[in-house]
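The structure appears below as structure tokens.
The values are calculated or read from the model by the stated rules, or taken from the named source; none is laboratory data. Bear in mind the structure is a predicted one, so any value in this text is a computation, not a measurement. So basically every Cβ, Gly included, is an ideal-geometry build from the backbone, and we count neighbours across all protein chains shown. Areas reflect the complete protein model, heavy atoms only, side chains present, ligands, DNA and RNA absent. Shrake-Rupley method; radii C 1.70, N 1.55, O 1.52, S 1.80 Å.
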Amino acid sequence: MTKLSLSLLFLCFIILASSSLGLSKSYETKPTKVSTYVLKKGDISIKLTNWGATIVSLFVPDRYGKLADVVLGYDTINEYKNDTSYIGAVVGRVANRIGGAKFTLNGKTYKIVANEGKNVLHGGKIGFSDVVWNVKKYHNEGHNKLSVKMEAKALNKPTPVNLAQHAYWNLGGHNSGNILSNYIKIFGSKITLVDSQLIPTGKFAEVKGTPYDFLKPRQVGSRIKKLAKENGYDINYVLDGTPYGALKRVAVVYDKKSGRSMKLSTNAPGVQFYTSNFLKDVKGKGGFVYQPRAALCLETQGFPDAVNHPNFPSTIVTPEKPYNHIMLFEFSTRPMYN
């Protein structure tokens, strides 16, 4: 397709203290060995691996100061290599789905290898979640907020790029059961409608008054049974605000039992809300077995299948127009609904 240079920077910071893990992926460099890296400030810590640029764990306190790991994951790197659910990984070069495993760009049709029926999901057979990223710099102190910045540059001609961070969040703790009682507010008034294969039709729908309406905080499970045909939430929300503008609010998740709250902001135009519908009997950290609804995903992104829908915000990157995607996660022990 085209040569591509990418970089990924995790930043954890509080006031002037900072920590970072810079990762890059280029088709012209030799990858480093697979390792894990810890960023820590006080009793809050995040562990990452350069296999798939994956978040392995994130420990944050509850209202009583008790720590818990709030992301699903595995105990060993080999388990991440064998994972089929993209747990914790960065997915791409094109996240989400490309319908029919093909698209046309500047008059030329590109056919790519399908890996979900006749469609492509999260980069295809070998996406960015299944490669080793080079670590360019690493500092291991900082925290309170987690910022993920993704950059990409097409080196010779236009190419589609749409990366997403695929952490599975459970604010009660990765081994605490399902997330149906979590409250969530999503700052998106519309969704991109999809067909039976979860491929966008190109049309939009208002969420108000539907099971997709989280404009006010509601429990995740409050109306999920109305989505029996869809098997739960797995849909792209059109975020309110200017696409690819300044950071805007995405969602707030609050676990009433622990008191933990997470607020997400981004400069991307959409977010995929997913309730881990396809997890089943997945043996995770500490031997805990993950089932459907064990976590929720909030994957900020360009719209799915944008390469086949001219009315969607473009996900084409050129040498003159690089890719820049920012996510900011803020954690608290109180609701942050505004």
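A protection proxy built from the mean count of other Cβ atoms within 10 Å ranks the segments 276-282, 113-119, most packed first, as 276-282, 113-119. Relative to the current alpha-carbon distance between residue 156 and residue 180, full extension at 0.36 nm per residue lengthens the span by 4.0 nm. Stokes-Einstein diffusion for the chain at 20 °C, viscosity 1.002 mPa s, with a Kirkwood radius from C-alpha pairs, works out to 107 µm²/s.
Multiplying the sequence separation of residue 334 and residue 193 by 0.36 nm and subtracting their Cα-Cα distance, what value in nm do you get? Result: 47.4 nm gained on full extension.
Within the shell of other residues whose beta carbon sits under 12 angstrom from the beta carbon of residue 255, the net charge comes to +4, with Lys and Arg scored +1 and Asp and Glu -1.
I want to verify a result. In a Gaussian network model of the chain, Cα cutoff 10 Å, which of these has the top mean-square fluctuation: 210, 109, 84? Checking each option, the largest mean-square fluctuation is seen for 109.
Would you tally the net charge around residue 266, using a Cβ to Cβ cut-off of less than 14 Å, leaving residue 266 out, and scoring K and R as +1, D and E as -1? Display every interim value, and only then the final one.
Values: positive: 145, 149, 248, 249, 263; negative: 240, 299, 330.
Counting the neighbours of residue 266, the net charge comes to +2.
With R₀ fixed at 35 Å, the C-beta to C-beta distance from residue 75 to residue 216 puts the FRET efficiency at about 0.35. For segment 203-332, what class follows from the C-alpha gyration tensor (a ≥ b ≥ c being the square roots of its eigenvalues): rounded when a/c is under 1.5, otherwise prolate if a/b is larger than b/c, else oblate? Because a/c hits 1.5 or more and a/b exceeds b/c, segment 203-332 counts as prolate. When +1 charges are put on Lys and Arg Cβ atoms and -1 charges on Asp and Glu Cβ atoms, the dipole computed for segment 244-304 relative to its Cα centre reaches about 240 debye. Each Cα pair of segment 122-272 feeds into the Kirkwood radius, which the Stokes-Einstein equation turns, at 20 °C and 1.002 mPa s, into a diffusion coefficient of 120 µm²/s. In a fully extended conformation the segment linking residue 66 and residue 283 would gain 75.7 nm over its present Cα-Cα distance, using 0.36 nm per residue. Both radii are taken from the alpha-carbon atoms of segment 30-160; with Rh as the Kirkwood radius, Rg/Rh is 1.04. Springs join every pair of Cα atoms under 10 Å in this Gaussian network model of the chain, and among 200, 211, 269 the largest mean-square fluctuation is at 211. From the square roots a ≥ b ≥ c of the eigenvalues of the alpha-carbon gyration tensor of segment 89-197, which class results: rounded (a/c under 1.5), prolate (a/b over b/c), or oblate? Taking the square roots of the gyration eigenvalues as a ≥ b ≥ c, segment 89-197 is oblate.
Considering only alpha-carbon pairs that sit under 8 angstrom and 6 or more positions apart, the relative contact order computed for the chain is 21 percent.
Using R₀ = 25 Å, calculate the FRET efficiency as 1/(1 + (r/R₀)^6) where r is the Cβ-Cβ separation of residue 136 and residue 40; round to 0.05.
On the way: r = 20 Å, r/R0 = 0.80.
Rounded to the nearest 0.05, the efficiency is 0.80.
Largest mean-square fluctuation among 254, 64, 183, in a Gaussian network model of the chain whose springs join Cα atoms under 10 Å apart, belongs to 64. Taking all protein chains as shown and a probe of 1.4 angstrom, residue 139 keeps an accessible surface of around 110 Å².
Taking a ≥ b ≥ c as the square roots of the eigenvalues of the Cα gyration tensor of segment 262-302, is the shape rounded (a/c under 1.5), prolate (a/b larger than b/c) or oblate?
prolate
Other residues whose C-beta falls under 9 angstrom from the C-beta of residue 332 contribute a net charge of +2, scoring Lys and Arg +1 and Asp and Glu -1. Net charge dipole, the chain: roughly 220 debye, given to the nearest 20, about the Cα centre with Cβ charges of +1 for Lys and Arg and -1 for Asp and Glu.
For residue 194, nonlocal amide neighbours, meaning residues 5 or more places apart or on other chains whose placed amide H falls under 5 Å from its own, are 201.
Report the calculated FRET efficiency for residue 114 and residue 203 (r = Cβ-Cβ distance, R0 = 25 Å), to the nearest 0.05.
Working: r = 24 Å, r/R0 = 0.95.
Efficiency for this residue pair is about 0.60.
The charge dipole of segment 37-136, taken about the Cα centre with unit charges on the Cβ atoms of Lys, Arg (+1) and Asp, Glu (-1), comes to about 540 debye, rounded to the nearest 20.
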